[in-house]
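The values are calculated or read from the model by the stated rules, or taken from the named source; none is laboratory data. Quick caveat, the model's predicted, so the values are computed rather than measured. All Cβ positions, even for glycine, are placed from backbone atoms using ideal geometry, and neighbour counts span all protein chains on display.
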Amino acid sequence: MFKKIISLGSKSNWTQYSLIRNGFTRRRFSSEAARECINYDVVIVGGGPAGLSAAIRLKQLCRENDVDLSVCVVEKGAEVGAHILSGNVFEPRALNELIPKWREEEAPISVGVSSDKFLLLTKKHAVPMPNPFDNKGNYVISLSQFTRWLGQKAEELGVEVYPGFAAKEVLFDEDENVIGIATNDMGIGKDGSKKDTYQPGVELKGRVNLFAEGCRGSLSEKIIRKYDLRKKGQGQHQTYALGIKEVWEVDADKHKPGDVLHTLGWPLDHKTYGGSFLYHMQDRQVAIGLVCALNYHNPFFNPYEEFQNLKRHPAIRPLLENGTVLQYGARTLNEGGFQSIPYPVFPGGAIVGCSAGFLNVPKIKGTHTAMKSGMLAAESAFGVLHKGSNMKTYWESLKTSWIWEELHRARNYRPAFEYGLLPGMAISALEHYLLKGRVPYTLKHGKPDHEATHEASRCSPIEYPKPDGIVSFDVPTSLYRSNTNHDHDQPTHLRLRDPKVPELVNLPKYAGPESRYCPARVYEYVSDDNGQLKLQINAQNCLHCKACDIKDPKQNIEWTVPEGGGGPGYSVM
Amino acid sequence: MKIMVAIKRVVDYAVKIRIKSDKTGVETTNIKMSMNPFCEIALEEALKIKESGLASEVVAVSLGPGQCVDTLRTGLAMGADRAIHVDAPGALYPLTVAKVLKALVEVEKPGLLILGKQAIDDDCNQTGQMVAGLLNWPQGTFASKVVLDKEKKSATVDREVDGGLETLCLDLPAVITTDLRLNQPRYATLPNIMKAKSKPIKKMSLEELKVEVRSDLEVVQVTAPPVRKAGVILSSVDELVDKLKNEAHVI
């Protein structure tokens, strides 16, 4: 134990690297003054659909059983919904179970899907294809708005929701059980010194701790590594995609509420998995986005520019031409599906929602499964606190729920695309119309996303056209529309495990891919006084999408939480 | 001595605003709202004065619709002792606000009224000055430094003016409006936010305060500034002079 403390304090790079790899916290050294400690029955990290559904379900169970439990939700966004971004065609299956009277309670769900189209795009044409989706009974919504409503419902039931507070550290007891989290110290300057406004973080200790941080949650990843949860679960690594989205306000005569469009093909090539979506919401608003799988090969690939290309396509451009962009944003999502589900229970709590990974890839929907996983975890947690049972019941209930059945049926679609676009589409069609997952085999994923990047010398740079300012824009213009802000005078939240790797590996070997896949231009290689290119990290731009944490070839970039309240300000995404 | 701080709920400074399509104003539905940054500075100054022992109580007041209560709770979480919410839906202009503040001052009798110099939504910069006029109190606006003297019952205020800094000595009670460099507002910590839930927020109406909302102003139209045209790279000074004279008409 004594030796461990010594190594915690050491400043050598290797020790820091191994510390972070093993998920140890630097609890003893991150704040000298004793932090205030507040106890709850349940602490939930993340105020998204999964976290809030868990909170609501807990309070419902309390009412049904005439007991009370204290439930606290911490959310790093400045308000609930600020960091929520999704397509979104919403399947109300979980909501119907959670809040059956959601219509009377004025949930912001009103636009039913009215038409559902699927196109294969080439550079100049759009070929209608048979539609693989069945969106009858689903709604086109803004998940950010819906989450805000869910937050209000949670507060009405007595859940304490605290936006503007980022969970920075996981707290452990001597037996390595999770006993809670600690929020960020606030008011630390860029050089690490305490400013006048310094406030130490607060420890929130829960008898049960649920992590609902969304895809690639920073603390969830630490917990998964520490307790080796991937191996204990379905076994495969998680695979990801990056979604870049804009909400436009278009001409009334071009707007058809409930219209749903998906495309495959252009601008992505046949080796890169991904596609676009275009959903007509209410109030003349249209959501458009491009999703690119992060196991792309070419380090010169730039998802943001590909999205700009998409909007130039003759089938898309006319809709947007006279419109205005309301908001822009980006977020990674899980594509690993069934094969990548980790064992979500650990001593002291569980992982819910996209932090574990329940997104149904062929349906491209993850909200309903995230919400259901939160509800199941809440039921388990209630059992733990009220009846003395074990959180393992969460895993058991997951395996007998419709989440499992749905993800099992959908498990072979995405891995089929490892063989290319056309074989992938052929196998998908086979699965969709004939097999429906009723086969004895389960296809495996390819390499982890960060290992899939080829060296720059093997690939050719891609020429992207300049933005026209009408349908395509440069990154700073788009970033302004995301309402992103961070206090500039704070230490950068994007940590390099080894500060020399960008100039020694990323730049020479891979041509600095982070300067291309980051949708916020956080990473830039600029010449210093000697004419050498050095990595500059503009952390203030960060959209909290986590693409860098996923795609960095040497996994050298670690995304950690900045001061709470910073980040994007999504309201209609 | 009691200090009263007036705070306003405005569109958050980081939000990219849009004009409503009917040109009647700025779109505020589904937009993040926060406490006006200058009001945060005003509250911070009041809290600093209280912490130095020169004041006994800080009361935060706000006028507006029901959601103002959220902003007042943030104020309570920062450290204010009590809050008053004057329920007033609809547009409020500086003269009305000043009249309400005068009525509140007559009820609460504070020794100091601190406001932000202006709100970031309308940029009026009028309320502080108007309420000082109505109360016939001395005013120190654009304050970048405030020092209180308890014995002499006065405040020495450094003001940021166009020419530099001006130092005034005001007899209390007085009105002070705060400028950016006065202080750095503190964070509302989680324990304080929790404690703030139990602090009282008194609700008052305009009828109780005997103030009539009479709008002398009518907003006719709100439009966005014209889109900035692309820049042009010129080849010579002569071309520049020619363009300045014949295109821009500035020389």
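For the range B:75-96, state whether one or more residues are within 12 Å of chain A (Cβ to nearest Cβ), outside any loop (DSSP other than H, G, I, E, B), farther than 30 Å from A:S482 by Cα and of a type outside the set (A, V, I, L, M, F, W, C).
Within the range B:75-96, none of the residues are within 12 Å of chain A (Cβ to nearest Cβ), outside any loop (DSSP other than H, G, I, E, B), farther than 30 Å from A:S482 by Cα and of a type outside the set (A, V, I, L, M, F, W, C).
Exactly one condition in (1) in contact (Cβ under 8 Å) with a residue 40 or more places away in the chain; (2) within 26 Å of A:A456 (Cβ to Cβ) is not met by A:L319; state its number.
(2)
In the set A:A54, A:A78, which member is touching a strand residue (DSSP E or B) at 6+ places or on another chain (Cβ under 7 Å) and within 14 Å of another protein chain (Cβ to nearest Cβ)?
Details: A:A54 fails: within 14 Å of another protein chain (Cβ to nearest Cβ).
When all the criteria are applied, what remains is A:A78.
Six or more apart or on different chains, Cβ atoms under 7 Å: show the pairs whose first residue is in the range A:471-491 and under 24 Å from A:D251 (Cβ atoms) and within 10 Å of chain B (Cβ to nearest Cβ) and whose second is surrounded by fewer than 22 Cβ atoms within 10 Å (Cβ to Cβ) and of a type outside the set (F, W, Y).
A:Y480/B:K16; A:R481/A:V325; A:R481/B:K16
Working carefully through the options A:S389, A:S380, find the one that is of a type in the set (G, A, S), surrounded by fewer than 20 Cβ atoms within 10 Å (Cβ to Cβ) and more than 20 Å from the chain's Cα centre (by Cα). Walk me through how you get there before you give the answer.
Working: A:S380 fails: surrounded by fewer than 20 Cβ atoms within 10 Å (Cβ to Cβ).
After ruling out the rest, the residue left standing is A:S389.
Quick check on my filter: what residues within the range B:53-70 are at pLDDT 95 or above and in a helix (DSSP H, G or I)?
Selection gives nothing.
Tell me, please, whether a residue that is on the phi > 0 side of the Ramachandran plot, touching a residue at least 24 places away in the same chain (Cβ under 8 Å) and not charged (D, E, K, R) can be found in the range A:520-538.
no
Which of the residues that make up the range A:190-201 are on the phi < 0 side of the Ramachandran plot and more than 11 Å from every other protein chain (Cβ to nearest Cβ)? Outline the logic, then answer.
From the range A:190-201, those on the phi < 0 side of the Ramachandran plot are A:190-191, A:193-201; that's our starting set.
Across the range A:190-201, the qualifying residues are A:K190, A:D191, A:S193, A:K194.
Among all residue pairs at least 6 apart or on different chains, which show Cβ distances below 9 Å where the first residue, located in the range B:84-110, is on the phi > 0 side of the Ramachandran plot and the second is polar (S, T, N, Q)?
Qualifying pairs under 9 Å: B:G90/B:S215.
Out of B:I49, B:I17, B:I41, report the one residue that is in a helix (DSSP H, G or I) and either in contact with an Asp or Glu (Cβ under 9 Å, 6 or more places away or on another chain) or without any contact (Cβ under 8 Å) to a residue 12 or more places away in the chain (or both). So that I can check it myself, show each step before the final result.
Values: B:I49 fails: either in contact with an Asp or Glu (Cβ under 9 Å, 6 or more places away or on another chain) or without any contact (Cβ under 8 Å) to a residue 12 or more places away in the chain (or both); B:I17 fails: in a helix (DSSP H, G or I).
On inspection, the qualifying residue turns out to be B:I41.
Please verify whether A:L421 is over 15 Å from A:N295 (Cα atoms) and of a type in the set (A, V, I, L, M, F, W, C), treating the condition exactly as stated.
Working: over 15 Å from A:N295 (Cα atoms): no; of a type in the set (A, V, I, L, M, F, W, C): yes.
No, not satisfied.
Output the residues belonging to the range B:3-47 that are modelled with pLDDT of 95 or more and surrounded by fewer than 19 Cβ atoms within 10 Å (Cβ to Cβ).
Once the filter is applied, which keeps residues that are modelled with pLDDT of 95 or more and surrounded by fewer than 19 Cβ atoms within 10 Å (Cβ to Cβ), the range B:3-47 yields only B:P37.
Can you name every one of the strands (runs of 3 or more DSSP E) wholly within the range B:125-203 that holds 3 or more residues which are more than 14 Å from the chain's Cα centre (by Cα) and of a type in the set (A, V, I, L, M, F, W, C)? Before the answer, list the steps.
On the way: elements: B:139-149, B:154-161, B:164-171, B:174-178.
It comes to B:139-149, B:154-161, B:164-171.
For the range A:124-182, name all the residues that are closer than 30 Å to A:L310 by Cβ, more than 14 Å from every other protein chain (Cβ to nearest Cβ) and among the polar types (S, T, N, Q).
Within the range A:124-182, the first condition is being closer than 30 Å to A:L310 by Cβ, and the residues that meet it are A:124-148.
Filter again for more than 14 Å from every other protein chain (Cβ to nearest Cβ), leaving A:124-140.
If the condition is that a residue be closer than 30 Å to A:L310 by Cβ, more than 14 Å from every other protein chain (Cβ to nearest Cβ) and among the polar types (S, T, N, Q), then A:N131, A:N135, A:N138 are the ones that fit.
If the requirement is being closer than 30 Å to A:H544 by Cα and in contact with a helix residue (DSSP H, G or I) (Cβ under 6 Å, 6 or more places away or on another chain), which of these qualifies: A:A82, A:A107, A:A78? Please lay out each step first, then the result.
On the way: A:A82 fails: in contact with a helix residue (DSSP H, G or I) (Cβ under 6 Å, 6 or more places away or on another chain); A:A78 fails: in contact with a helix residue (DSSP H, G or I) (Cβ under 6 Å, 6 or more places away or on another chain).
So the residue among A:A82, A:A107, A:A78 that is closer than 30 Å to A:H544 by Cα and in contact with a helix residue (DSSP H, G or I) (Cβ under 6 Å, 6 or more places away or on another chain) is A:A107.
Check off (1) under 16 Å from the mean Cα position of the chain (by Cα); (2) within 14 Å of another protein chain (Cβ to nearest Cβ) for B:A46 and give me the number that stays unchecked.
(2)
Among the listed residues A:L443, A:L376, which satisfies the condition of being at pLDDT 90 or above and among the aliphatic types (A, V, I, L, M)? Step through it out loud before you land on a result.
Details: A:L443 fails: at pLDDT 90 or above.
One residue alone meets the criteria, A:L376.
Restricting to the range A:33-53, name every residue that is among the small types (G, A, S) and modelled with pLDDT under 95. Break it down into steps so the answer makes sense when it comes.
Quick first cut of the range A:33-53, residues among the small types (G, A, S) only: A:33-34, A:46-48, A:50-51, A:53.
Once the filter is applied, which keeps residues that are among the small types (G, A, S) and modelled with pLDDT under 95, the range A:33-53 yields A:A33, A:A34.
Name, by its number, the condition in (1) at negative phi; (2) within 14 Å of chain B (Cβ to nearest Cβ) that does not hold for A:G187.
(1)
Give the residue, chosen from A:E396, A:E406, that is acidic (D, E), surrounded by fewer than 16 Cβ atoms within 10 Å (Cβ to Cβ) and away from every other protein chain (no Cβ under 14 Å).
Numbers: A:E406 fails: surrounded by fewer than 16 Cβ atoms within 10 Å (Cβ to Cβ).
Result of the check over A:E396, A:E406: A:E396.
Give me a count of the residues in the range A:79-117 that are in a loop (DSSP other than H, G, I, E, B) and of a type in the set (S, T, N, Q). Outline the logic, then answer.
Start the filter on the range A:79-117 by keeping residues that are in a loop (DSSP other than H, G, I, E, B), which leaves A:79-88, A:91-92, A:99-110, A:113-114.
Going one step further and asking which of them are of a type in the set (S, T, N, Q), we end up with A:86, A:88, A:110, A:114.
Result for the range A:79-117: 4.
Answer yes or no: is there a residue in the range B:24-38 that is assigned to a loop (DSSP other than H, G, I, E, B), more than 14 Å from chain A (Cβ to nearest Cβ) and among the aliphatic types (A, V, I, L, M). Write out each step before concluding.
Filtering the range B:24-38 down to residues assigned to a loop (DSSP other than H, G, I, E, B) leaves B:24-25, B:27-32, B:36.
Filter once more, keeping what is more than 14 Å from chain A (Cβ to nearest Cβ): B:24-25, B:36.
Adding the requirement that they be among the aliphatic types (A, V, I, L, M) leaves none.
Taking every residue of the range B:24-38 in turn, none turns out to be assigned to a loop (DSSP other than H, G, I, E, B), more than 14 Å from chain A (Cβ to nearest Cβ) and among the aliphatic types (A, V, I, L, M).
Somewhere in the range A:202-214, is a residue within 13 Å of another protein chain (Cβ to nearest Cβ), buried (at least 19 other Cβ atoms within 10 Å of the Cβ) and touching a helix residue (DSSP H, G or I) at 6+ places or on another chain (Cβ under 9 Å)?
Yes, the range A:202-214 has at least one match.
Kindly provide the set of residues from the range A:153-184 that are more than 27 Å from A:D68 (Cβ to Cβ) and in contact with a strand residue (DSSP E or B) (Cβ under 7 Å, 6 or more places away or on another chain), ordered by number. Write out each step before concluding.
At the first step, the residues of the range A:153-184 found to be more than 27 Å from A:D68 (Cβ to Cβ) are A:166, A:168-169, A:172, A:174-176, A:184.
If the condition is that a residue be more than 27 Å from A:D68 (Cβ to Cβ) and in contact with a strand residue (DSSP E or B) (Cβ under 7 Å, 6 or more places away or on another chain), then A:A166, A:K168, A:E169, A:F172, A:N184 are the ones that fit.
Within the range A:511-534, does at least one residue satisfy the condition of being at pLDDT below 95, within 14 Å of another protein chain (Cβ to nearest Cβ) and more than 17 Å from A:F307 (Cβ to Cβ)?
no
Any residue in the range A:135-156 that's without any contact (Cβ under 8 Å) to a residue 24 or more places away in the chain: show its pairings with residues that are surrounded by fewer than 23 Cβ atoms within 10 Å (Cβ to Cβ) and of a type outside the set (K, R) at Cβ separation under 7 Å, as long as the two are six or more apart or on different chains.
What qualifies is A:E155/A:V161.
B:V105 - would you say it is assigned to a strand (DSSP E or B), under 20 Å from the mean Cα position of the chain (by Cα), under 16 Å from B:A46 (Cβ atoms) and not polar (S, T, N, Q)? Reasoning before the result, please.
Values: assigned to a strand (DSSP E or B): no; under 20 Å from the mean Cα position of the chain (by Cα): yes; under 16 Å from B:A46 (Cβ atoms): yes; not polar (S, T, N, Q): yes.
Judged against the criteria, B:V105 is not a match.
Restricting to the range B:189-198, name every residue that is more than 7 Å from chain A (Cβ to nearest Cβ) and either over 16 Å from B:L47 (Cα atoms) or at pLDDT below 90 (or both).
Across the range B:189-198, the qualifying residues are B:M194, B:K195, B:K197, B:S198.
Working only within the range A:538-573, note down all residues that are part of a loop (DSSP other than H, G, I, E, B), among the aliphatic types (A, V, I, L, M) and away from every other protein chain (no Cβ under 14 Å).
Pass one, the range A:538-573, residues part of a loop (DSSP other than H, G, I, E, B): A:538, A:542-546, A:552-556, A:560-566, A:568-573.
Then keep just the ones that are among the aliphatic types (A, V, I, L, M); that gives A:543, A:561, A:572-573.
The answer is A:V561, and nothing else.
Of all residues in the range A:521-548, count the ones that are in contact with a Phe, Trp or Tyr (Cβ under 9 Å, 6 or more places away or on another chain) and of a type in the set (G, A, S).
Summing the residues that are in contact with a Phe, Trp or Tyr (Cβ under 9 Å, 6 or more places away or on another chain) and of a type in the set (G, A, S) in the range A:521-548 gives 1.
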